[in-house]
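Okay, so here's the structure we're looking at.
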Amino acid sequence: GSYYRLMYGGRGLVQADNCPMPNTVAAWTDIDQRTRASGAALLAGMYPRCANLPLRNQADFTVPDPLFRPTPTASCPMDPAANRKAILDRIGGSFASIHRDYAPQLSMMRSVLCPGDTTTAAAPGGRCADAGMASHVHTEPSGRVRLGGPLGLSALAAEAFFMQSAEGMPKDQVAWGRLAHPAALGELVSLHVMASDLTEKTKTIARERGSNMLSLILLVLQSGHNFPGAQPTGQPVRFGLLMGHQSNIYNVASLLDLSWRIPGSQPNEASPGGALAFEQFHDARHGKRYVRVAYYAQTLEEMRDLKRLDYRDPPGMITVPIPACSAESVNGACPLETFAKIVKAAVDSNCVSVGAGSY
């Protein structure tokens, strides 16, 4: 949070030293407790001496917020069979190619989860038996898609081991101390990134689950008054934080065909605490507005060490080109009118149920 204040304050977007003007800095979070706490922590980090910064969320806790966790509707049914087929079509009809390409990582994961076990006999909890199952696509009534079998188990375990390390667990205790060498964790994390790519970035799934988010991002760029919970009059939101999940980043990245790599991370990894930023610039000379996409993320070591980030020690950052705007891009930024056309072509209007004034 403090780094965002320094960076965007230095650009004149928000106050760098004083409390922001009312309603110019705001956050909208998903309804789960962890995400709400993360939003509060980020705002507190930005402005630790400022009270009553707008931190809002959907009032109804009994149903998912469709911005972050859309569910099937009559116009957007999220057909399980179609989504399963779309994933399998990407990988040649079966998981054979994935098992072949990730054989070293899967072997390493098995040695971590089931040390000394060369059979499919169940370990405590039955997880080694699960590792012996065939990989498959599992769909849920909520519309979510995940992998089952060894690929799904390995992806979940890799994420858990990463979080153990990020939260400061001694390195010799991460993954029960069974990581073979210092680079092993990064190799295992590639399994989680692969699974997320299949289940969140497959186009049909991304359109179903990301159209609300990307459509709202465009509306907010067109007017800060469109930010969820923002006041219809007075100052528009200038720094708006949508605090959701890695899946939301993967969905939007797929719709815009975005690619990035932060040093020390996997290609296109949406790491914990990472942010996909849509930054708007104004060309006063020509009266045009531009959108630049950037990805920000701390390294694993920065998270482990609770490193304070500033200009001298910034997080990883990379400007992310928008391929569909390459012909009109200016210093990595896309004209807002062109960006709007790209967004409207990318989303599925049948899956857009959130708009200005929805909250």
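The values are calculated or read from the model by the stated rules, or taken from the named source; none is laboratory data. Predicted model, so just to flag it, every value in this text is computed and none were measured. Glycine also receives a Cβ, built like all others from the backbone with ideal geometry; neighbour counts cover every protein chain displayed.
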Next on the checklist: So if I check each of Q231, Q266, which one is in a loop (DSSP other than H, G, I, E, B), of a type in the set (S, T, N, Q) and over 22 Å from R304 (Cβ atoms)?
Outcome noted: Q231
Checklist entry - Got at least one residue in the stretch 344-354 being over 18 Å from L214 (Cα atoms), part of a loop (DSSP other than H, G, I, E, B) and in the same structural domain as A41 (by TED's automatic domain parsing)? => result no
Next on the checklist: Could you check the stretch 1-30 and list, in sequence order, the residues that are assigned to a loop (DSSP other than H, G, I, E, B) and of a type in the set (S, T, N, Q)?
Outcome noted: Q15, N18, N23, T24
Next on the checklist: I'd like to know if the stretch 63-75 contains one or more residues that are surrounded by fewer than 19 Cβ atoms within 10 Å (Cβ to Cβ) and at positive phi.
Outcome noted: no
Checklist entry - From the residues in the stretch 31-57 that are assigned to a loop (DSSP other than H, G, I, E, B) and out of contact with any Leu (no Cβ under 8 Å at 6 or more places or on another chain), which one is surrounded by the most Cβ atoms within 10 Å (Cβ to Cβ)? => result P54
Checklist entry - Quick one: what pairs do we get from the stretch 322-333, first residue assigned to a loop (DSSP other than H, G, I, E, B), second among the small types (G, A, S), C-beta under 8 Å, 6+ apart or different chains? => result I322/S329
Next on the checklist: Take S271 and tell me if it is part of a helix (DSSP H, G or I) and under 17 Å from the mean Cα position of the chain (by Cα).
Outcome noted: no
